[in-house]
Amino acid sequence: MPIIIDAINVVKAYGEGELQHTVLKNISLQIEEGEFVAIMGRSGAGKSTLMYQLSLLDRPTEGEIILDGVYANTLEEDERTRFRLHNLGYVFQDYALMPELTALENVAVPLLMQGKSKKEAYEKATVALDSVSLAERLMNLPSQLSGGEQQRVSIARSIAHGPKILFADEPTANLDSETSRQVLGIFRELNDKGQTIVMVTHEKEFGLLADRIITVQDGNIVSYR
Amino acid sequence: MDSLRVGWFLALRQIKRSSIWTTLLIIFIMTLTFLNLVVVGGILVGLTAGASLAYERQYSGEVFLRNLMTKEYIEQSENVMRTARSFPEVAAISGRYIQGGKVEANYKTAVGPKQSPDSIGVQIVGIDPVSENAVTGIGERLISGEDLKIGEEGYVLLGKNLVEKYTVGSGPISVVVLHGIDVGSRVRINVAGREGEFTVKGIIKSKVGDVSMRVYMVDAELRRMIGRSDKNVDEIAIRLVPGASATQVRDGLKAAGFESLARVETSRESQGTFLDDIEKTFAMLANVIGGIGIIVASITVFIVIFINAVTRRKYIGILKGIGVTASAIEISYVLQSIFYALIGAGLGLIVVYAVLKPYFDGHPINFPFSDGLLVVPIDGTMLRAAVLIAVTIVAGYFPARMIISKNTLDSILGR
């Protein structure tokens, strides 16, 4: 399969001079299209920081990120936003839904931003919410949904616009184990249909559901499995 | 275009689903700001407008003729008034005879060597009561007693400010006043070297100094006292039919050649530049107060939007993270600001034109020297509304821009 994510000698450091703290130390990795990769490691190992660089939410201090053949370093801020809109999907640890938007509206926002009509955006959003078994909760506000339901809305939002890569940052951290399994089951189904997924997790049980586990320790990749 | 659409989508839902109390509070502040912009200036300008209107209604009429500075009276007065009456715009005319004189009270009781009667130098005005009432409604301003009647002799009306009883509590308008005088009292009038005793028939109340500082008697009696037999008057006040143009009538009288016989002016012109200067001063003051109001409003909107954006910084970061452009988010905040300003100004307009204006028209503010009106011309009011909306847009944009321009990841992680 073609390489969809290519990270070359990525360094991420915070601060300057003596106060500089290097979180990622010369990391290189490749992920193929259609892969389900789990990034694991202990708290503070740098796994989330690595995902932020790969998903263009942050800029590395050094090194190159190439996503689907596009050199991310060359993109201006607006271009990075556009790139994320059309190619990437995100599932955040704390669901990150807009509190004043219903489930349907939350999912429709990226579709509207892509230029789709409201009717088309709502249709696609409905399909996405149906795929995570929330067809009955379209008009509910996040505050009217359980944690598991909110995370499923977040997943629906991340896949509704058909991203090439889905990034998930500790998607089960705030969920009970039963709900966590349901959410990961959805990821598994998506991956079975060909969706590339990069998931950060610190729970070994959930990491085992991925095709490959990349373990990060002290800013270095210590194992590929 | 997509940014505008998404900005609208987000703004609409934020307004609809945010706290109703917060929304009401912001709108309330915007409404008060708008009222501050419009009403404070309107009252200040209305203070002089009220004085000017009273001068016209109670004294000068819309068009006012006075003797030339070089003449003692208006020559050919009968001809002037006859011509003026032929104008279709003219509804009524009052010619007034005026002579400087002296009015005295207590002249019978002040008999001791160190006692002297109250004595005031005043203008004695001879009027035709019917004509004067048609022009100025002088009878409506009686606070005590009765109006004069044609042919009635031996009676006078006194301006309120001449009488001690009616000036108490209204400030030091006149230093010298007539003590112990009321309706039915006798006063002595000395004019053009002749003296006569008169009974006070009524007291006139007016905030126009020219009205409340005069003594009025029937014109025939004053003419006899001052020995004027030619019927030339000193003032001609002209009341026009509603909607008629004062400048048109003034120009008509000038065109008839009366400019050489009298000062022919509109009421406003006859009030001199002093009132214009005061009005300009108040307008400037109103603009300063309005400017401060605008600054307060812009700071208020800035703070409201800034707090809103800061508390929603994480969500702003998430929106940017999932691909919503910065301009779409900025537009959503600007649209919210416009919403607050539009509703605030709209409510302000309703309050001004449906509540305050009709109220102040019916119940003028009782200022010492005028009955103040609320002057709120629609063009000026709309301009202020536009200024408020424009300032609000700017005040809403900058705080949103400040938050939105922060690093996306920092916003998401709240660092």
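The values are calculated or read from the model by the stated rules, or taken from the named source; none is laboratory data. Worth saying up front: this structure is predicted, and the values here are computed from it rather than measured. Cβ coordinates were reconstructed from backbone atoms using ideal geometry, including for glycine residues, and neighbour counts include every protein chain displayed. Surface areas here come from the heavy atoms of the whole protein model, side chains and all, with no ligands, DNA or RNA. Shrake-Rupley method; radii C 1.70, N 1.55, O 1.52, S 1.80 Å.
Can you check what the net charge comes to around A:Met1, using other residues whose Cβ is under 15 Å from the Cβ of A:Met1 (Lys, Arg +1; Asp, Glu -1)?
Summing Lys and Arg as +1 and Asp and Glu as -1 gives -4.
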- Over chain B, what relative contact order in percent results from Cα pairs under 8 Å that are six or more residues apart? 29 percent
- Query: For the stretch B:344-388 and the stretch B:77-110, what is the separation of their Cα centres, given in Å?
  - Reply: 37 Å
- May I ask for the accessible area buried between chains B and A, both sides summed, probe 1.4 Å, to the nearest 100 Å²? 2600 Å²
- Item | Per residue value of the accessible surface for the protein assembly as shown (all protein chains in place, 1.4 Å probe), Å² | 44 Å²
- Item | Residues losing 30 Å² or more accessible surface upon assembly, the stretch B:9-23, compared with the chain by itself, 1.4 Å | B:Phe9, B:Leu10, B:Arg13, B:Arg17
- Message: Please give the charge dipole size of the stretch A:3-224, origin at the Cα centre, charges +1 on K and R Cβ atoms and -1 on D and E Cβ atoms. Round to the nearest 20 debye.
- Response: 300 debye
- Query: How much net charge surrounds B:Asn161 when only other residues with a Cβ under 13 Å from its Cβ are counted (Lys, Arg +1; Asp, Glu -1)?
  - Reply: +4
- Query: Once the Cα atoms of helix A:77-87 and of chain A are each reduced to a long axis, what angle between those two axes, in degrees from 0 to 90 to the nearest 10, is obtained?
  - Reply: 60 degrees
- Item | Pairs of lysine residues in the stretch A:3-224 - Cα separation under 19 Å, sequence separation of 8 or more or cross-chain | 9
- Query: Considering only DSSP beta bridges whose two residues both sit in the protein assembly as shown, what percent are antiparallel, to the nearest 5?
  - Reply: 65 percent
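Explain nothing, just the number: dipole magnitude of the stretch B:1-133 about its Cα centre with +1 on each Lys and Arg Cβ and -1 on each Asp and Glu Cβ, in debye rounded to the nearest 20. Working shown, then result.
On the way: 13 positive and 11 negative charges, 147 e Å.
Here the size comes out at about 700 debye.
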- Note on the structure: Residues hit by the 20 Å² burial cutoff in the stretch A:48-82, accessible area with a 1.4 Å probe, assembly against chain on its own, are A:Tyr52, A:Leu57, A:Asp58, A:Thr81, A:Arg82
- Share of carbon and sulfur in the accessible heavy-atom surface of the stretch B:211-267 [1.4 Å probe, %]: 49 percent
- Task: Positive end of the charge dipole of the stretch B:244-381 (Lys, Arg +1 and Asp, Glu -1 on Cβ, about the Cα centre): tell me which of B:Ala262, B:Ser370, B:Ile292 has its Cα farthest that way.
- Result: B:Ile292
- In whole angstrom, note down how far apart the Cα centers of the stretch A:149-225 and the stretch B:252-299 are. 76 Å
- In deg cm²/dmol and to the nearest 500, what is the mean residue ellipticity at 222 nm of the protein assembly as shown if only DSSP H runs of at least 4 residues count, each as -39500 (n - 2.57), divided by the residue total? -14500 deg cm²/dmol
- Query: Antiparallel as a % of all DSSP beta bridges within the stretch B:142-266, to the nearest 5?
  - Reply: 65 percent
- Using Cα centres only, tell me the gap between the stretch A:12-51 and the stretch A:53-98 in whole Å. 14 Å
- With the cut-off at 46 Å, report for the protein assembly as shown the share of all Cα pairs above it, as a whole percent. 49 percent
- Roughly how many nanometres apart are two label points built 7 Å out from the Cα toward the Cβ at B:Arg194 and B:Thr311? 8.4 nm
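Could you tell me the relative contact order of the stretch A:3-224? Use alpha-carbon pairs under 8 Å, at least six residues apart, and round to a whole percent.
In percent, rounded to a whole number, it is 30.
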- Item | Neighbour cut-off at most 13 other Cβ (10 Å), DSSP loop, GluC sites (Glu not before Pro), the stretch B:3-100 | B:Glu72
- Item | Formal net charge of residues neighbouring A:Tyr71 (Cβ-Cβ distance under 13 Å; K, R +1; D, E -1) | -3
- Please list, or write none, the lysines whose alpha carbon is within less than 23 Å of the alpha carbon of B:Lys205, excluding same-chain residues fewer than 8 places away. B:Lys102, B:Lys149, B:Lys160, B:Lys165
- Message: Helix check for chain B. Which DSSP H runs span at least 20 Å along their own axis by Cα, with a mean Kyte-Doolittle hydropathy no less than 0.5?
- Response: B:20-55, B:272-311, B:326-350, B:378-404
